[in-house]
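Here is the structure we will look at.
The values are calculated or read from the model by the stated rules, or taken from the named source; none is laboratory data. Keep in mind it's a predicted model, so treat the numbers as computed, not measured. Here the Cβ positions follow ideal geometry from the backbone for every residue, glycine too, while neighbour counts run over all protein chains shown. Calculation scope for accessible area: heavy atoms of the full protein, side chains included, ligands and nucleic acids excluded. Shrake-Rupley method; radii C 1.70, N 1.55, O 1.52, S 1.80 Å.
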Amino acid sequence: MSGTRSAPGPLPWEELVTAALLGTDRRTPPGLPPGREAPAALLDAAAVATVRRRAGLRAAPAAARPEPAEPDPRPPLPPAAARRLAALLTDRPGTAGGRRGAAPDLRELLPQWLSLANERGFAAPPEALPALLDAARGRTDLRPAALAFAGPRALWLARLNPDWRFALRAAPGGGAELPSAEESDRVRELWQEGLFAERVALLTALRARTPAAGRALLSTTWPAERAEDRLMFLDSLRTGLGPEDEPFLEQALADRSRNVRATAAELLSALPGSALAARMGRRAATCVAVDVTGRVPTLVVEAPHECDAGMERDGVVAQPPAGRGERSWWLGQLLDAAPLATWPARFGGRTPEEIVALPVADDWQGELHAAWCRAAVRQRDPGWARALLGIPSAPEAGGPGAVSLAERAKLLGTLGAVERAAWVAGFIGTHGLSEAFQLLGVCAVPWAEELGGAVVDALNIARDAGSYPWSFSGVMGLAERCLAPAEANRLEALTATPNETEGSAPGAGGYWAEAFQRLTATLRLRATMTSELTPLPGGAGP
């Protein structure tokens, strides 16, 4: 304790933490002296509170024992897999000066292990639930898979520990069982009396199973809902969106809230057969034409000169963001929402590839192609996506239409897994790995043989170039998680330290060898993890 000052009376721990975070100048807890003495007094109070917390609890009447947790009907983990889970949950990052060394990073393998365990339908060991909940608390990316694996017992625990309340918020209906569409009384009661999160969870669940039932439920209270709630409920209609939703969404175009109107317009534009899409298609068609008077047919663009009331009703935002011209802003929104089938019909039956290859006058190409990219993603149109991506070996690194890596990644998402992997493999074969990270992230795991081979070849080329491997640490990390374990044998030849060549960075060969050793060890560990999660006949594990 500092000086002769008497310690303040008991203060709530949360109050002390808040004051420490904000600073005693901004928040002085009640009972503490203000001014220069406040920081020391705060530490005194924290010391007293710490001793009180460690000293124990005042005796009190015993509370009622909680009801037992619901049983988990899934089969238990095989013993080897249970041990592996414990190791994955207790692993800590290495302390070798921040360098990872050649040992696999177990924490990065936990998501994959959880996904596989969920896929194979195992139940979590009860003793692992606290560590699982702690891991999910610290890593939001783990939560869906971790909570699915943890099962009903984790929700039971979460009700008893405030630190794990996130699990209840993440679970549909706050961990309570949601009624089915056939349980009309329970559905109506929860919809009318439930908390907002419970209502969103109910609507989302109904949309996933019976979209019409979800829409009908939302219609019963739509006019009385608050604007911010209407927006969230409307967003739930993305699940199971179909032509049957068009009348409801058209009605929402007249909503008092601009955000609600914009969301309704976006959903309608994702339905190429909707009336809104047709209106936007007619508007967009007046802005883009083919000029055939020159030697080469050329696309000419005439952006709208005004944003009229009809456009605003259909979701066009009149005010552009800072730094963006009004006319290009309005044009982009029209092109985003216009059905892509508009363009072959307008341009003499040309295919998407032929349209994208046409020159564009007056520097409108970037605007035009970017809008078509967004439309292809929104309308999930693989034909236009292929045209905009171009061939992966194009020298301009992205084909004639794609304007950024982010857009290329989104376009790839409209293609099937095999085609996506083949395109990215071709891209890496031509352009290397420096721009491939974002594209690799949208490929199915494990990577297809062609894609895995392209990545390994590119890493080998990068090693031979003599630079350090740190420039490729992101791709290396992805490879550890996404390469097929069978690639380990092929990588074995790269784990030796190569002779340094003229111009290579000092010691680079050793670092590359270490990186390939880690990659190889990780792939073999993943193969072992997979085998451990394979139940043996009769239910016994390895």
**Prompt:** For L57 and E225, what is the calculated FRET efficiency with R₀ set at 51 Å and r taken between the beta-carbons, to the nearest 0.05?
**Reply:** 0.70
**Asked** Just the projected area, averaged over all directions, of the convex hull on the alpha carbon atoms of the chain: how many nm²?
**Response** 37.4 nm²
**Asked** Could you sort V356, V418, V48 by accessible area so the largest value comes first, with the probe set to 1.4 Å?
**Response** V418, V48, V356
**Prompt:** Within the chain, what's the longest stretch lacking GluC sites (Glu not before Pro) that sit in DSSP loops with no more than 14 other Cβ atoms inside 10 Å?
**Reply:** 1-176
**Fill in**
Summed over the other residues with a beta carbon less than 15 angstrom from that of N489, with K and R at +1 and D and E at -1, the charge totals 0
**Request:** Give me the number: length gained by fully extending E14 to R26, i.e. 0.36 nm times residue separation minus the C-alpha to C-alpha distance, one decimal in nm.
**Result:** 2.7 nm
**Request:** Keeping every protein chain in place, order R526, R58 by accessible area at 1.4 Å, biggest value first, i.e. largest first.
**Result:** R58, R526
**Modelled FRET efficiency - R0 45 Å, R165 with E326, Cβ distances, 0.05 increments** = 0.45
**Fill in**
Length gained if T298 through A275 is fully extended, taking 0.36 nm per residue and subtracting the Cα-Cα distance, is 5.3 nm
**Prompt:** On average, how much accessible surface per residue is there in region 204-287, in Å², for a 1.4 Å probe, leaving out ligands, DNA and RNA?
**Reply:** 44 Å²
**Request:** Take every Cα pair under 8 Å in the chain that's 6+ residues apart, average their separations, divide by the length, and report that relative contact order as a whole percent.
**Result:** 10 percent
**Message:** Using the basic label-point model (7 angstrom from Cα toward the beta carbon), what is the R256 to R74 distance in nanometres?
**Reply:** 4.6 nm
